[in-house]
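Report on the structure given below.
The values are calculated or read from the model by the stated rules, or taken from the named source; none is laboratory data. Predicted, not measured: the structure shown is a model, and the values here were computed from it. Cβ atoms come from the backbone with ideal geometry, glycine included; neighbour counts cover every protein chain shown. Note: accessible area is taken over every heavy atom of the protein model, side chains too, but ligands, DNA and RNA are not part of it. Shrake-Rupley method; radii C 1.70, N 1.55, O 1.52, S 1.80 Å.
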Amino acid sequence: MDTTVVKTSAENKRWGGGTEPLKTSYGKMMMWFFITSDALTFAGFLAAYGFSRFKFADSWPIADNVFTHVPFIHGNYPMIFVAFMTFILIMSSVTMVLAVDAGHHKNKAKVTLYMFLTIIGGLVFVGSQAYEWTTFIKGTYGAVATKGGNILHIMDADGHQVALKDFAIAQDSDRERHESRTGLWFTSEKALPSYTFDEVLAGFKANPDLVVRTTYTAGDGHKTMLSRSESLRELETKGKNVVEGANLRQNEYGSPLFANYFFFITGFHGFHVSIGILLNIIIFFNVLLGTYERRGSYEMVEKVGLYWHFVDLVWVFVFTFFYLV
Amino acid sequence: MAADAHKLAIFRGLVKFKSNTQKIWGVLIFLSIITAIEVLLGIYKPEIFNAQVLGMKALNWIFIILTIVKAYYITWDFMHMRDEMASFRRMVVWTGVFLISYLIFIILQEGGYVESVFANGFVKTDF
């Protein structure tokens, strides 16, 4: 039949013959689809975090009480350091998009410079996250855990939290760390906290201006403070052990789940950043070697750029849900 | 993509840039302002935003909306979604938005229910 349209072979080869479906190259489209699926993974993690937070709505730690450290400076500065981290990541996103733009203009020198700056930004971010983890794991003040697993913070009369080492009074104790060489060779335990619960309790009784801050949030968004007599009763009837720092089992800032999610989600994000840095370094050297100059297109920079921006995008959400909300 | 194929207007044409590089710096300034607002609100937590709106503090809604605004500009201008074909853009964005909204709805609903069991049921946690 003459009316049947005969397709030429070039039209059938969608990506091979010069046409591009949706005007996007194959590699870029697949990077976008990967990003969509990775976004779903992160959404799953953050939604799980939201689940636990809704579940323990009245006892979840307040981020402003947890992340208060700034390197080289002593004192209580919530938000400042993480705002710096956010800014670093946005800045490295900007240098990345400038590198992509320079690639469009086939300007090798500028692509090199901007890729280099992007890598530096990524390294600063990962370093900052390492600092954040270190201070979180080490802990600041120490706390008392109750038999039910709640965390009690010790506060002074001005409403500042007090470190256990500042008031605990040494007591006789037979409790020693169990090591495998002193008992059953197949059991051992982690280092004991610096103070026993009895030492903290004795110190608390000796300082009449100390009170307890409970794990429960009041209507005004702050944790409930107890009076002196309530504090004493709370410690004597419910107190069980001392918690210092945070790990997967216990967390001096509040619910252990908070620490678990913090390690898991920021860890997974940090892993993405590290992979991004690695990819950026590979692309950086390819640019230096002139690979894309010879290929006639800097599209690889664009594809890696998409991944790098995605990492920034995820951090924007992590920042909101861990530090702000 | 040709070097000059970028759409250079943001805010629905309110601000137009002369070149793509200029647009990048413009968007950076915008994102920095939003981050600064978030950080200031996060540090001072003004009392007036403590009111409950749709089951959450008004302040939390402000944070979430500002975050989505930031995500929009990162995706549209840094990842050049603005320059892609509408069909491709919808394929990527709507899929994610639909699935993530559904996931969040169903999981937070369940979280709220479990919380009510803890609060109203015979479960003792404070001892």
Failed condition for B:I74, given (1) free of Cβ contacts under 8 Å to residues at least 40 places away in the same chain; (2) within 8 Å of chain A (Cβ to nearest Cβ); (3) at negative phi = (1)
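Taking the condition closer than 21 Å to A:H309 by Cα, at the interface with chain A (Cβ under 7 Å from one of its Cβ atoms), surrounded by 13 or more Cβ atoms within 10 Å (Cβ to Cβ) and not small (G, A, S), does B:F88 pass?
Judged against the criteria, B:F88 is a match.
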ask   = Within the stretch B:33-68, how many residues are loosely packed, with under 12 Cβ neighbours inside 10 Å and under 15 Å from the mean Cα position of the chain (by Cα)?
value = 2
key: Qualifying position, being assigned to a helix (DSSP H, G or I), within 10 Å of chain A (Cβ to nearest Cβ) and touching a residue at least 40 places away in the same chain (Cβ under 8 Å), among B:I104, B:I24   = B:I24
message = Please determine whether any residue of the stretch A:281-299 is modelled with pLDDT under 95, outside any loop (DSSP other than H, G, I, E, B) and within 14 Å of chain B (Cβ to nearest Cβ).
response = yes
Top-ranked residue in the stretch A:244-256 [being open to solvent by 50 Å² or more (accessible area, probe 1.4 Å) and touching a residue at least 40 places away in the same chain (Cβ under 8 Å); ranked as farthest from A:Y131 (Cα to Cα)] = A:Q250
task = Could you tell me whether A:G75 is assigned to a loop (DSSP other than H, G, I, E, B), in contact with a helix residue (DSSP H, G or I) (Cβ under 8 Å, 6 or more places away or on another chain) and at pLDDT below 90?
result = no
remark   = Pairing a residue in the stretch A:93-113 that is more than 10 Å from chain B (Cβ to nearest Cβ) with any residue that is open to solvent by 20 Å² or more (accessible area, probe 1.4 Å), where Cβ atoms lie under 6 Å and the two sit 6 or more apart in sequence or on different chains, gives A:A99/A:Y114; A:K108/A:E293
task = Restrict the check to the stretch A:179-194 and report whether at least one residue is touching a residue at least 12 places away in the same chain (Cβ under 8 Å), closer than 21 Å to A:Q250 by Cα and touching a Gly at 6+ places or on another chain (Cβ under 8 Å).
result = yes
query = Any idea how many residues of the stretch A:63-84 are of a type in the set (A, V, I, L, M, F, W, C) and more than 10 Å from every other protein chain (Cβ to nearest Cβ)?
reply = 6
task = Please tell me if B:D83 is within 9 Å of chain A (Cβ to nearest Cβ), of a type outside the set (A, V, I, L, M), in contact (Cβ under 8 Å) with a residue 24 or more places away in the chain and more than 28 Å from A:S59 (Cβ to Cβ).
result = no
task = Say whether the condition of being open to solvent by less than 10 Å² (accessible area, probe 1.4 Å), farther than 20 Å from A:F264 by Cα and assigned to a helix (DSSP H, G or I) is met by at least one residue in the stretch A:49-59.
result = no
key: Among the candidates A:F317, A:F264, residue that is among the aromatic types (F, W, Y), open to solvent by 50 Å² or more (accessible area, probe 1.4 Å) and away from every other protein chain (no Cβ under 14 Å)   = A:F264
message = Which numbered condition in (1) over 16 Å from the mean Cα position of the chain (by Cα); (2) more than 9 Å from chain A (Cβ to nearest Cβ) is the only one that B:G112 fails?
response = (2)
inquiry  = Give all pairs with beta carbons closer than 8 Å in which a residue from the stretch A:22-48 that is within 9 Å of another protein chain (Cβ to nearest Cβ) meets a residue that is polar (S, T, N, Q); count only pairs at least 6 apart in sequence or on separate chains.
reply    = A:L22/B:S87; A:W32/A:T24; A:T36/B:T95
